[in-house]
1. Grab the beta carbon distance between R25 and D63, set R0 = 30 Å, and tell me the FRET efficiency rounded to 0.05.
2. Please report the antiparallel percentage of the DSSP beta bridges confined to the chain, to the nearest 5.
3. Among the lysines, which fall within straight-line cross-link reach of K232, defined as a Cα-Cα distance under 24 Å, with same-chain neighbours fewer than 8 residues apart omitted?
4. Order of 141-147, 157-163 by packing, highest average Cβ count within 10 Å first?
5. Taking only the C-alpha atoms, wrap a convex hull around the chain and report its volume per residue in Å³ as a whole number.
6. For the residues H53, H122, H332, what sequence is obtained by ranking on other C-beta atoms within 10 Å, fewest first?
7. Just subtract the alpha-carbon distance of T139 and M211 from 0.36 nm times their residue separation and send over the number in nm, one decimal.
8. Using only C-alpha atoms and all pairs of different ones, pull out the Kirkwood radius for region 1-157 in Å with one decimal.
Amino acid sequence: MTTLLVTGGAGFIGSNFIHLLRRERPEIRIVNVDVLTYAGNLENLKDVPLDDHYRFIRCDIADNQALKEAVDEKIDAVVHFAAESHVDRSIEDASAFLRTNVIGTQVMIDLARAWDVEKFVHVSTDEVYGSLGDEGLFTEETPISPNSPYSASKAASDLLVRAAVETHQFPGIITRCSNNYGPYQFPEKLIPLMISNATEDKPLPIYGDGMNVRDWIWVDDHCMGILLALEKGKPGHVYNLGGKSELTNMAVVKAILKSVDKPESLITFVTDRKGHDQRYAIDCSYAEKELGFDRSIDFEEGLKRTVDWYLENESWWQRIKTGAYLEYYDRHYGKDLSE
Ligand code: NAD
Ligand code: TYD
């Protein structure tokens, strides 16, 4: 049986990836390593039974010794999601971003080399390319030019993977994806924050003039791109993944208000994010050609599914807002191994 180690599997994209693997590749054994920061939520995986095909290990990826001891089995491949992921938090304090995103990635590379893995997919972001003007798209050849501590730490992690490929013939593959949305996204990110605030008739804070542009991808489409990179990607290669859905933040927020039938008067302009990247847009033709990657749904359909999910699962995000979700591990897994 193939054993795949997934880091950060209790987060937004990682948990969607585990659900996708259970559906698409039920024969794979998954070892999920996650330290459960504020962004890690095991309620995202409550339908995935702990059995021969799924194991959870609570561990910090930046702690080489602890991880080496905890993972006491043969690992065939790694998909590395674990990261600090919120730009605004990185502007407040970059230290956790450096520890997890940079040191944590080097630890994962070192352990993956010791496990002699066949593939290591490093899940990165289009934000490493910096910001675009009105024209053009990011290709895999676009120079790396990050503007936030978050994107700088992700760029550093990409370079560490690249260096391992060059130095050790490490089977590292890098994916760089645009902004994801869908179920289980922590309600500090634009789309779930706006859906939950609108539902509660709270103000919807738009940074600056709301004209910044993001390219939105349905999370399952990103997860499928990662699976394709794992199965068909070539070591040392970078694959851009995107949703071909460029929209201003204002357009996204207005679409959300329309779908939950709330007034635009809830929109509130607030101070702009420092160093706010103007526009991200991805050229994913290389992944289309080499991996057979494609998006399955457009933004209109994806937003409808997302809004429906947040409306049907209000208790999920309410438990995040009250902090109750943090108790899940202790209640279901017994002793807190991190103490
Ligand atoms: P997330 O913040 O929702 O989840 C991150 C997960 O990593 C959490 O479960 C957290 O507990 C875990 N984690 C954090 N520090 C850890 C540590 N030291 N040890 C072990 N686990 C740790 O993030 P996400 O949105 O799911 O993003 C996953 C990956 O995808 C990240 O690498 C991110 O850079 C990348 N990415 C995200 C997007 C997006 O739109 N969200 C787009 C492109 C790429
Ligand atoms: P975010 O979801 O934080 O993703 P990223 O910064 O990684 O692209 O933000 C998406 C866009 O929405 C970004 O341009 C910042 C903007 N934004 C707001 O206008 N208001 C908010 O409250 C948040 C969280 C984001």
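1. Working: r = 29 Å, r/R0 = 0.96.
For R25 and D63, the calculated efficiency is 0.55.
2. Numbers: 4 of 40 bridges.
The answer is about 10 percent antiparallel.
3. K74, K119, K154, K244, K289
4. On the way: 141-147: 14.1, 157-163: 19.6.
Put in order of decreasing packing, that is 157-163, 141-147.
5. Values: hull volume 43.7 nm³, N = 339.
Per residue, the Cα convex hull of the chain comes to 129 Å³.
6. Details: H53 17, H122 25, H332 12.
Ordered from fewest to most neighbouring Cβ atoms within 10 Å, H53, H122, H332 come out as H332, H53, H122.
7. On the way: separation 72, 0.36 × 72 = 25.92 nm, distance 2.27 nm.
That works out to 23.7 nm of additional length.
8. Numbers: mean 1/r = 0.0612 Å⁻¹.
Here the Kirkwood hydrodynamic radius works out to 16.3 Å.
Every read-out reported here was derived from the displayed coordinates using simple, explicitly stated rules and does not represent laboratory data. Small disclaimer: the values here were computed from a predicted structure and weren't measured. So basically every Cβ, Gly included, is an ideal-geometry build from the backbone, and we count neighbours across all protein chains shown.
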